[in-house]
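Here the structure is laid out as structure tokens; the discussion comes afterwards.
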Amino acid sequence: MSKTRLPTLSQLRAFAAVAEHRHFRDAAAAIGMSQPALSGAVAALEEVLDAQLVERTTRRVIITPLGERVAEHARGILAGLHALADEVEASRRPFTGPLHLGVIPTVAPYLLPVVLKLARDSYPELELHIHEQRTPRLLEGLGSGRLDVLLLALPGGPGMVDIPLYDEDFVLVTPPEHALAGRDDVPRDVLLDLEVLLLEEGHCLRDQALDLCREAPGGARAAGLPTLVQLVAGGLGVTLLPATAVAVETGRSPRLAVARFADPAPGRRIGLTHRPGSARTPEYHRLAATLRDALRALPVRIVC
């Protein structure tokens with residue numbers, strides 16, 4: 001079987017110009033080609049396709065019905081190539097095009113207002129897509145390429161690259177009548193004897209809390225922090241919250257009090273995680289630097 005010959009881009013470009021201008025001289029001038037070269041390119045295209053595309057007369061050029069359909073395909077191919085070149089060129093500029101950001105649920109409600117305002121004000125050409133999922137699912141998405149970068153508790157995942165943003169303390173949320181309610185000097189070792197309401201499995205905050213304390217026996221597990229604090233407000237126990245969540249979550253009910261730990265308080269480190277060797281690595285570091293400045297107003301300690 002003989003190998004199929006395909007038109008060249010030069011041939012398609014020449015023919016598309018002729019189909020648009022219906023005149024060889026005008027078409028040649030429009031694309032910066034000599035008239036003999038353009039005429040030769042169109043003739044070569046007809047030879048490759050083994051079809052007549054143009055009727056040549058002394059006064060004008062007539063495109064055959066097949067030629068009209070070929071011209072439409074040629075315009076589509078050339079437009080696609082221009083779009084490809086534009087996209088590659090845009091990718092050389094930081095913070096342009098789509099960026100899929102994965103965020104854990106215990107960070108998303110409290111940091112996304114800052115992140116979205118930053119993207120809107122500083123990176124107007126960035127198409128930011130937010131994916132709120134638990135840590136295992138986020139790491140799976142990062143590894144498969146479905147997600148570009150994650151905002152989560154560090155360390156991220158094996159083989160991934162972490163960029164720290166800030167450290168934040170945990171605070172103890174209790175009913176108002178609890179013995180520890182309102183204190184700001186709770187010893188950290190109290191947690192060893194404390195039974196705490198926790199999130200469901202799959203939340204990294206649950207694992208961090210279990211490293212510090214025991215789960216309340218028979219305690220209801222919550223899918224998210226809003227439910228968790230409502231369980232506390234209902235008198236079912238106490239829980240740990242990250243400092244960035246305190247203002248939002250404790251404002252939901254007057255039946256909540258906050259106790260803070262003496263130094264060194266338990267806590268977590270939040271940062272960005274991305275794949276090693278990513279072409280956007282410099283972008284992620286610039287984003288991290290900008291985020292650190294934007295997050296200084298929150299109850300966190302910035303990590304540079």
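The values are calculated or read from the model by the stated rules, or taken from the named source; none is laboratory data. Model, not experiment: these values are computed from the prediction. For neighbour counting, all protein chains shown are included, and Cβ atoms are generated from backbone atoms with ideal geometry for every residue, glycine included.
Structure summary
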read-out: Some residue of segment 259-281 being without any contact (Cβ under 8 Å) to a residue 60 or more places away in the chain, surrounded by fewer than 21 Cβ atoms within 10 Å (Cβ to Cβ) and not in a loop (DSSP other than H, G, I, E, B); value: no
read-out: Which numbered condition residue 288 fails, given (1) surrounded by 15 or more Cβ atoms within 10 Å (Cβ to Cβ); (2) not in a helix (DSSP H, G or I); value: (2)
read-out: Complete set of residues in segment 57-66 that are out of contact with any Phe, Trp or Tyr (no Cβ under 8 Å at 6 or more places or on another chain) and within 13 Å of residue 15 (Cα to Cα); value: 62, 63, 64, 66
read-out: Output for segment 170-190, where each listed residue is in a loop (DSSP other than H, G, I, E, B) and under 23 Å from residue 227 (Cβ atoms); value: 175, 176, 177, 178, 180, 181
read-out: Per-region count, segment 126-178, residues among the basic types (Lys, Arg) and buried (at least 17 other Cβ atoms within 10 Å of the Cβ); value: 1
read-out: Selection count, segment 88-99, where residues are of a type outside the set (Gly, Ala, Ser), surrounded by 10 or more Cβ atoms within 10 Å (Cβ to Cβ) and either at pLDDT 80 or above or touching a strand residue (DSSP E or B) at 6+ places or on another chain (Cβ under 7 Å) (or both); value: 3
read-out: Residues (surrounded by fewer than 20 Cβ atoms within 10 Å (Cβ to Cβ) and within 19 Å of residue 60 (Cβ to Cβ)) located in segment 2-23; value: 20, 21, 22, 23
read-out: Residue among 185, 193 that is in contact (Cβ under 8 Å) with a residue 40 or more places away in the chain, of a type in the set (D, E, K, R) and surrounded by fewer than 16 Cβ atoms within 10 Å (Cβ to Cβ); value: 185
read-out: Search result, residues across segment 206-241 that are of a type in the set (Gly, Ala, Ser), touching a residue at least 24 places away in the same chain (Cβ under 8 Å) and either in contact with an Asp or Glu (Cβ under 6 Å, 6 or more places away or on another chain) or over 18 Å from residue 179 (Cβ atoms) (or both); value: 209, 219, 222, 223, 224
read-out: Residue count, segment 201-212 (criterion: modelled with pLDDT of 90 or more and surrounded by 14 or more Cβ atoms within 10 Å (Cβ to Cβ)); value: 8
read-out: Matching helices (runs of 4 or more DSSP H) fully within segment 1-119 where at least 1 residues are among the polar types (S, T, N, Q) and either within 39 Å of the chain's Cα centre (by Cα) or not assigned by TED's automatic domain parsing to the domain that holds residue 296 (or both); value: 9-21, 35-49, 65-91
read-out: Residue, surrounded by the most Cβ atoms within 10 Å (Cβ to Cβ), within segment 221-251, restricted to residues that are over 19 Å from residue 104 (Cβ atoms) and touching a strand residue (DSSP E or B) at 6+ places or on another chain (Cβ under 7 Å); value: 232
read-out: Condition met for residue 143 (assigned by TED's automatic domain parsing to the domain that holds residue 169, assigned to a loop (DSSP other than H, G, I, E, B), at negative phi and more than 13 Å from the chain's Cα centre (by Cα)); value: no
